[in-house]
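Notes for the one structure printed next.
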Amino acid sequence: MYGVVLYLVSSLAVIISWKADRDRTREALRMAAKSFARTGPFMVEVAGLIGVLLALIPPQWISEYLGKQAGMAGTIGAALLGAITLIPGLIAFPLAGSLYQEGASTVTVAAFITTLTMVGVVTAPVEIQQLGKKMTLWRNGLSFVFALLIAVVMGVILG
Amino acid sequence: MKKTAQRYRPVILVIAANVVLWYFSPPAAGKSVATAISFFKEMLLILPPVFLLLGLLNVWVPREVIERYIGRGSGIKGVVISMFLGSTLVGPLYAAFPVAAALLAKGARVSNVVAFLTAKAAAEIPLVAMEAKFLGLPFAVCRLGLTLVAAVIIGWIVERVVEAPQHQPGSNVSLDGGSNRKSPKGAA
C-alpha cells in the first residue's frame, strides 16, 4: 500500500516535471539513477545483516530472555538487543506489550523500544554511505546514551 | 579492478557471513537468506521512488528555500519544522537517510537534519498511536516528549562534533558519504 502510494506520487511528480522542463527532469532522473546505483551494494549489506541477525536472534527469544532478566542486567540487555536488532513496529510494539505483561519493568521496556527505534546498527552501512562515518557513529552513539537516559526518566515518572 | 572489489565488499561480506552460518547450521542460514531476500525486495520497492523524488527536489527546490526554513539562522522554527517533517514522514528509517543527505547538500543545518532523523526514528506519529495501544497512553506520550527533547540535544552535539574544525585529509567526509569522495554533492 505504502509502496503503491509512493510510486503514484513519484511518477506523477516526474510527469509534471517533464511537462515543465525536460532538461531539468532528465538531470533529475540521471541523479536519481546514479545515487540508486551507488547505494545498491550497501542495500545488499543491510538486507544480509538483517537476515543473519534475525536467524541468530529470533524475536521470540528476545521476549523469553528479557522476561527472565530483572534489574540492571535486564535493562542493559534490552538496550543492547534493541540497538542491534531491527524489528518493524508492527511486531515490536506487541512484543514490548507482552514483555510488560510478563513483568518486565518500565525502564526495561522503555530501553528496548527507544534503542530499537533510535539506534540502527544494521542499517549503519546505508547511513554511513549517505551521511558519512562520523555523523553516523555520533548519532547512533548519542542515541544509545539518550535512550538509556529516557528509559531511566520514564521509570521515575511512570514508576 | 581494486575499486570494483571495494565497491562490492559489502556483498562479499554478506555472502561470507552466510557461508559461516551455513557451516554451523544449514537451517539457520536458509532462514537468514530468506529474510535477507524479502527485506532486499522491500528496499528495492521503496528506494527507487525515494531517489526519484529527491532527484526532482534537487533540480526544482532552490537552495535558498531549504536554507531559509531549516538552514543556519532558521532558529527554533527550523528545529520545529525538522521534527515535524520527521515525525510525519512514514516509511522505514533507511529511506530517510537519502532524504537527510539531500537536505544537507541543499544547505540544511546539521543539527536540524539529525533532529529530523531522530524524530523520524523514534517519534513517528502513526507508530506512537500503535505504541499507546500496546503500552498505554502515558507510556507513549512520556516517551514521545522525552524523545523530542533528546532529538534537539543530540542534533546540537552532533553538529558541534561534525563541524569541528579539523585539518586532516578526508575530514569533511561528513557530507559526502565516505566511500565516494569524488562527488561532493553525493546526495542527490
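The mean number of partner chain beta-carbon atoms within 10 angstrom of a residue's beta-carbon across peptide B:33-42 is 6.
Peptides B:106-114, B:72-80 ranked from most to least packed give B:106-114, B:72-80, packing being the mean of other C-beta atoms within 10 angstrom over each peptide's residues.
For residue B:72, the residues whose modelled amide H falls within less than 5 Å of its own, excluding neighbours fewer than 5 places apart on the same chain, are B:109. Taking Cα atoms only, the orientation of helix A:133-158 departs from the longest principal axis of chain A by about 40 degrees.
With contacts taken as Cα pairs under 8 Å at a separation of at least 6 residues, chain A carries a relative contact order of 23 percent. When the C-alpha to C-alpha distance is required to be over 32 Å, the pairs from B:3/B:106; A:133/B:77; B:3/B:120; B:106/B:133; A:68/B:31; B:31/B:106 that qualify are B:3/B:120; B:106/B:133; B:31/B:106. With unit charges on the beta carbon (Lys/Arg positive, Asp/Glu negative), name the residue among B:94, B:112, B:73 whose Cα is farthest towards the positive pole of the charge dipole of region B:66-126. My answer, from the dipole projection, is B:73.
Note down the net charge around residue A:41, summing +1 for each Lys or Arg and -1 for each Asp or Glu among other residues with Cβ under 9 Å from its Cβ.
Local charge sum for residue A:41: +2.
Report, as an integer, the average count of C-beta atoms from other chains found within 10 Å of each Cβ along A:15-23. Each step should come with its number before you reach the end.
Values: counts 0, 2, 5, 0, 0, 1, 2, 0, 1.
Per-residue shielding by partner chains comes out at 1.
In order along region A:117-128, the Karplus-derived 3J(HN,Hα) couplings, from 6.51 cos²θ - 1.76 cosθ + 1.60 at θ = phi - 60°, round to 7, 7, 9, x, 6, 6, 8, 3, x, 5, 5, 5 Hz, and Gly and Pro are given as x. Taking Cα atoms, how many degrees apart are the long axis of helix A:71-84 and the longest axis of chain A, rounded to 10 and kept between 0 and 90? Roughly 10 degrees, rounded to the nearest 10.
When each of the peptides A:45-58, A:112-125, B:3-16, B:39-52 is scored by the mean number of other C-beta atoms lying within 10 Å of its residues, the order from highest to lowest reads A:112-125, A:45-58, B:39-52, B:3-16. Let me make sure I get this right: for chain B, a, b and c are the square roots of the gyration tensor eigenvalues over alpha carbons, sorted descending. Under 1.5 in a/c it's rounded, otherwise prolate if a/b > b/c, else oblate. Which is it? Cα axes put chain B in the oblate bin. Helix A:59-68 axis versus longest C-alpha principal axis of chain A: approximately 30°, rounded to the nearest ten. Span-like helix criteria (full DSSP H runs; alpha carbon extent of at least 27 Å along the helix axis; mean Kyte-Doolittle hydropathy of at least -1.0) are satisfied in chain B by B:26-60, B:137-162. Across peptide A:142-154, the mean count of Cβ atoms from other chains lying within 10 Å of each residue's own Cβ comes to 5. Only helices enter this figure: runs of n ≥ 4 DSSP H residues, each worth -39500 (n - 2.57), summed and divided by the residues of the protein assembly as shown, yield -26500 deg cm²/dmol at 222 nm to the nearest 500.
Taking 8 Å as the Cα distance limit and 6 or more residues as the minimum spacing, I'd like the relative contact order of chain B as a percentage. Don't skip to the end; give the middle numbers.
Values: 173 pairs, mean separation 34.9, N = 188.
Once normalised by length, the contact order is 19 percent.
Here region B:1-74 and region A:1-67 have alpha carbon centers that stand 7 Å from each other.
For region A:88-128, a/c is not less than 1.5, where a ≥ b ≥ c are the root eigenvalues of the C-alpha gyration tensor, and a/b tops b/c. That puts it in the prolate class.
For residue A:19, the aspartates and glutamates whose Cα falls under 19 Å of its own Cα, not counting residues fewer than eight places away in the same chain, are A:27.
Every number here is computed from the coordinates shown, using simple stated rules; none is lab data. Keep in mind it's a predicted model, so treat the numbers as computed, not measured. All Cβ positions, even for glycine, are placed from backbone atoms using ideal geometry, and neighbour counts span all protein chains on display.
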